[in-house]
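Worksheet: the structure to be examined is printed underneath.
The values are calculated or read from the model by the stated rules, or taken from the named source; none is laboratory data. Since the model is a prediction, treat every value here as computed from it, not as a measurement. Cβ coordinates were reconstructed from backbone atoms using ideal geometry, including for glycine residues, and neighbour counts include every protein chain displayed. Each accessible area value is taken on the protein alone, full model and side chains, heavy atoms only, with ligands, DNA and RNA left out. Shrake-Rupley method; radii C 1.70, N 1.55, O 1.52, S 1.80 Å.
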Amino acid sequence: MEIIRTPVAMTAWANRMIAAGDSIALVPTMGYFHEGHLSLMRQARKLAKRVVVSLFVNPIQFGPQEDLARYPRDFDRDAALAEQEGVDVLFAPAVAAMYPEGSRTRVAVAGLTGGLCGGSRPGHFEGVTTVVAKLFHLVKPRFAVFGQKDFQQLAVIRRMTADLNWDIEIVGHSIVREADGLAMSSRNVYLSAGERQSALGLSRAIRHARQRVREGLADAAMLLREVREILTATPGIAVEYVECVDEKTLAPAARLAPGVVLAMAARVGTTRLIDNDDLFAEEVK
Ligand code: AMP
């Protein structure tokens with residue numbers, strides 16, 4: 001596996017691969033790999049001849065009060081794991097290389113970014129779309145793999161890719177969970193043992209919602225009341241939002257039907273956790 005540190009070297013590598021007729025799949029990450037990241041890499045491996053994983057803790061997607069400074073990092077472990085997954089290139093540029101002095105341009109997707117996580121993280125999605133746009137230009141992928149875990153991010157990136165006419169297939173990968181249901185996240189290392197127990201309230205609420213949908217519940221307001229009750233009854237959880245929304249437009253849904261996603265964010269101690277579920281996934285497949 002090659003480790004590339006500069007945008008110029010990244011593009012030179014991509015140009016060589018494309019000239020040789022090789023397709024590229026990109027997996028953008030902020031590192032501190034867990035099984036969720038590794039499954040995205042495995043999926044990328046199946047899609048294209050060459051796999052590039054980017055590892056970049058993108059400062060412009062963090063708010064001033066957020067966890068940029070303490071975001072977990074372990075480059076050597078990440079590099080070893082990516083190599084084991086057969087990744088061709090780990091692209092790990094310095095912040096100054098991605099945002100050199102004088103850089104001013106931002107890419108923004110209107111409409112999809114004001115609600116859900118965008119409500120409490122102003123500017124977050126603009127940071128995400130800007131860095132992903134830059135990565136798309138540098139890596140020239142045919143495929144880019146993103147997790148459903150960040151479901152709003154996936155919707156925003158699909159919209160950006162279509163709107164900017166990128167010939168890139170955006171592939172969504174289902175959420176990878178711990179055996180007890182907790183959605184894997186690099187931020188889970190922040191949780192104390194007690195907080196980790198509290199955090200299970202999110203996946204418990206999702207299991208309840210799936211069960212209610214299987215029973216035929218179609219009223220989103222009722223489902224949201226029940227989900228909220230489960231979350232607020234869990235000690236240590238402070239709910240930020242719980243919503244049922246259309247998976248593409250992110251507009252609130254009144255009726256539970258295929259294409260509706262239950263999405264939630266909550267704080268457990270100082271850690272912000274998100275989770276979501278495509279409530280009809282089994283029925284649709
Ligand atoms: P991050 O490093 O947290 O920015 O995540 C990099 C990519 O991995 C994003 O596309 C995430 O949606 C995805 N991802 C993170 N956690 C999970 C998970 N538990 N299951 C599936 N994908 C995930």
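About its Cα centre, the stretch 1-144 has a charge dipole of approximately 440 debye under the convention of +1 per Lys or Arg Cβ and -1 per Asp or Glu Cβ, with nothing else charged. Working note: 222 nm ellipticity from helices only, DSSP H runs with n ≥ 4, each -39,500 (n - 2.57), summed and divided by the residues of the chain, gives -12000 deg cm²/dmol to the nearest 500. What the phi angles of the stretch 75-91 give under the Karplus curve with 6.51, -1.76 and 1.60, with θ = phi - 60°, is a coupling list of 4, 5, 5, 4, 5, 5, 5, 5, 4, 4, 7, x, 5, 7, 9, 9, 9 Hz, glycine and proline written as x.
Once Rh for the stretch 186-278 is found with the Kirkwood sum over Cα pairs, what is the Stokes-Einstein diffusion coefficient at 20 °C and 1.002 mPa s, in µm²/s? Could the numbers behind the result be given before it?
Details: Rh = 13.4 Å.
Once the numbers are plugged in, D ends up at 159 µm²/s.
Excluding ligands, DNA and RNA, the accessible surface per residue across the chain is 46 Å² with a 1.4 Å probe. The GluC sites (Glu not before Pro) of the stretch 79-118 meeting both criteria, a DSSP state outside H, G, I, E and B (loop) and at most 15 other C-beta atoms within 10 angstrom of the site's C-beta, are Glu101. Label sites at Leu68 and Ser174, each approximated as a point 7 angstrom past Cα along Cα to Cβ, lie 3.7 nm apart. Using a 7 Å offset from Cα along Cα-Cβ at Thr270, what residues in the stretch 67-91 end up with backbone N under 17 Å from the label point? 67-73, by backbone N distance to the label point.
Ignoring ligands, DNA and RNA, please state the percent of accessible area on the stretch 137-285 from carbon and sulfur, probe 1.4 Å. Could the numbers behind the result be given before it?
Working: 3560 of 6900 Å².
So the carbon and sulfur contribution to the accessible surface is 52 percent.
For the stretch 196-257, GluC sites (Glu not before Pro) are listed when DSSP marks them as loop and at most 14 other Cβ atoms sit within 10 Å of their Cβ; the list is Glu215.
Bridgeable aspartates and glutamates around Lys140 (alpha carbons under 20 Å apart, same-chain partners fewer than 8 residues away excluded): Glu2, Asp22, Asp88, Asp163, Asp167, Glu169. Measuring only protein heavy atoms, the 1.4 Å probe finds Leu191 accessible over about 20 Å². Dividing the Cα radius of gyration by the Kirkwood radius, what Rg/Rh value follows for the stretch 1-69? Checking Rg against Rh, the ratio lands at 1.04.
Put simply, the amide H of Ser54, placed in the peptide plane, has neighbours under 5 Å in Val27, Thr29, Phe91, leaving out anything fewer than 5 places away on its chain. Each semi-axis of the equivalent ellipsoid for the chain is √(5λ) with λ an eigenvalue of the Cα gyration tensor; in descending order they amount to 32, 20, 19 Å.
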